[in-house]
Amino acid sequence: MVYLSLINNITLLFSLSILYSFISKRWDYSAIQYKIFAGILFGVVAVIGIMNPLKLQEGVIFDGRSIVLSIGGLFGGPIAAIISPVISSAYRLYLGGAGALMGLSVIISSSLLGVIYFYLRKKHPNSVRFIYLYLFGVIVHINMLALTSALPSNISFDVLKTIALPVLLIYPIASLLMCLVFLQQEARLNVSIALKESEEKYRLLVEKSSSIIIKLDSKGRVVFINSFAQNLFGYGQNELLGKFAIDSIYQKGNTSFRVFATVIDDLFQNPEKHAFSETEVVCKYGEIKWVSWTYKVLIEDKDSNLMEILCIGTEITQKKKAELALLESEKKYRLLYESLMDGYVKVDMGGRIIDCNHAFEKMTGYSKDELLKLTYIDLTPSRWHEFEKSLLNEQFFKKGYTPLYEKEFIKKNDEIITIELRTYLYSDENLGATGMWAIIRDISSRKKAEKEINDNEERLSSLFRIIPAGIGVVVDRSITEANDKLCEITGYTREELLHKNVKFLYPTDQDYDYVGNEKQWQLTAKGTANFETKWKRKNGNVIDVLLNFSPFNPNNYEEGITFTAIDITERKVNELVLQKEATFLNSIIENNPLSIMVIDSEGHYLNSNSTYKNLFKITPPSEYSVFTDQLIIKLGYSLHIQNHKDRKDVYINEIC
């Protein structure tokens, strides 16, 4: 009867404690709210146990409160161990009886022992093994049996004799089982907290990453895009989520669209593979950016067809622009990433080469057998060793791959070549990380071409400086380039000319406006412009200049217009002198009393004076445009032979 009653009481308390553990499973055990809540619930459960006791005599009852309160102190800590005894003690005092003092003592001592174990557990985490938990239950209930001495002397021994064996057999085991339930719940909560922390760290890593991270569902719709990608492409999260990537960041019909579609189709056919591509991405406002992508299929469930594609990208717009500039400068340059055969090499974790393709052999000049005896460090100049070691430690071993980077290789003939590569970690399911592999591209030719472009620019710059005409570049009528001759013509230094509107070079606003209008008209009409105008030098002198203009791009003047300036002030002065001399000569001819006609060596009429015209009553320019015979000077006479239809008239004019 005693055993059955105790077991029933403990079973009730055990059920209530399990119910409590489910109610509180979402609570943080370290929070003060939880500890208060735990104290109240442990107290309530203890009261329910007291309400269903084993009654030995009037006022002498036994129940599972010692188990509940000791466990409350162990898992709830001091706060719970204060609240729960207060609640249960109040109810036990309310019941009264001969066992009230013992009941209060058991309540307080059980809670105190639980708190002591609480602090021991903090210092010694391994103290929650089965044996220790069982010993904890034994100690608590030996203490309870010892407190039977608080009963009246005439009944204490009989009570002890009746209850001792059942208590020592049942209560420690019940205490152990309840501790295991709470430990399991606590472990589950810790795993949940650790998972949330891990997820939060992952989320922060993804959100704060300087890489583009996009996740697509099996239909190609965007289901995730990180902040970096949103800022780069100009889209908000709500503008892309649920949208097809092809309709959002890829334009149908272009090369990038076809590359992307091919990669996605291949990944769904071979989900165990990685894939890589470089594509154009259309930003929100039409801007085109180049991105280098790494793709990986994520399988939610191996037994289902639920798949997503993780797309990790790095913006390579500037790199692509450099490549396009190189292509333009060489006209027939082939597309680098579609035409070059790249090398593949695989090494073990010690760096020793264990596999490579023919392109890598050709790149290094070694045979495959020779390469298998070397490490990648043997092929790398010593100046790159520290850089590559740092790259592997800081990025490769953390992420499993490196970004695209450049270094050098030493070929078999000791030639140094520049290469571009990205390295990935190679893992085995059973052995873990076993090696590294990389795709390597020889970019020596590209580097050489870039150097040639720079050298050409230097040569052009040299010509720009030594040509004896003023040369400059204007963008929106502001000078962006000026050679030494232009500085000499204007009297200004290069610093005084650059990035200033040319208006200060013109004597008047009318001159400035005339040049702008005339230049625009001629450029539109014939693609170039040339005319004369006036400039004002720094010292205030006004000079005549001949300007010639030619745009970099006839369809877009904003890219810049090259101009030349020649100082023609001296020529203009000479022309004025010649004009005055001609006027003076014409005056002499016109006022001469002799008849005078002037023709050129071909017999074309040039001029005649009034005396000549009045004498012959003709106007040579309209009637006699060409004279077939030359002017003959003979015996003081000028013989002029005139052709007019079938008649030949000869006019002789005495000139001396």
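Observations on the model:
- Derived scalar couplings ³J(HN,Hα) [region 182-195; Karplus, 6.51 cos²θ - 1.76 cosθ + 1.60; whole Hz; x for Gly, Pro]: 5, 5, 5, 5, 5, 5, 4, 5, 5, 5, 4, 5, 4, 5
- Size of region 464-538 as Cα extents on the principal axes (Å, biggest first): 32, 26, 20
- Largest accessible area first, the residues ILE82, ILE561, ILE40 order themselves as ILE82, ILE40, ILE561 under a 1.4 Å probe with ligands, DNA and RNA left out.
- Each other residue within a Cβ distance under 11 Å of ARG537 adds +1 if Lys or Arg and -1 if Asp or Glu, for a net charge of +1.
- Scaling the Cα radius of gyration of region 535-614 by the globular reference 2.2 N^0.38 Å produces a ratio of 1.92.
- Note on PHE75: accessible area is roughly 10 Å² with a 1.4 Å probe, heavy atoms of protein only.
- Span from the region 467-522 Cα centroid across to the region 356-396 one, whole angstrom: 55
- Computed from backbone phi with θ = phi - 60° and the Karplus coefficients 6.51, -1.76 and 1.60, the 3J(HN,Hα) list for region 510-518 is 5, 4, 4, 5, 4, 4, x, 5, 5 Hz; x is used for glycine and proline.
- Under 13 Å, Cβ to Cβ, from LEU576 - net charge with Lys/Arg +1 and Asp/Glu -1: -1
- Ranked from largest to smallest solvent-accessible area, with a 1.4 Å probe on the protein heavy atoms, LYS538, LYS284, LYS289, LYS398 come out as LYS398, LYS538, LYS284, LYS289.
- A straight chain from PHE268 to GLU581 at 0.36 nm per residue would run longer than the Cα-Cα distance by 103.5 nm.
- Here region 240-298 and region 138-178 have alpha carbon centers that stand 74 Å from each other.
- Summary of the geometry: region 75-137 and region 575-615, compared by the centres of their Cα atoms, lie 137 Å apart.
- Spin-label pair ASP513/LEU498, simplified geometry with 7 Å Cα→Cβ offset, distance in nm: 3.3
- The charge dipole of region 504-598, taken about its Cα centre with unit charges on the Cβ atoms of Lys, Arg (+1), Asp and Glu (-1) only, comes to about 160 debye.
The values are calculated or read from the model by the stated rules, or taken from the named source; none is laboratory data. Worth saying up front: this structure is predicted, and the values here are computed from it rather than measured. All Cβ positions, even for glycine, are placed from backbone atoms using ideal geometry, and neighbour counts span all protein chains on display. The accessibility values were calculated without ligands, DNA or RNA, using every heavy atom of the protein model including side chains. Shrake-Rupley method; radii C 1.70, N 1.55, O 1.52, S 1.80 Å.
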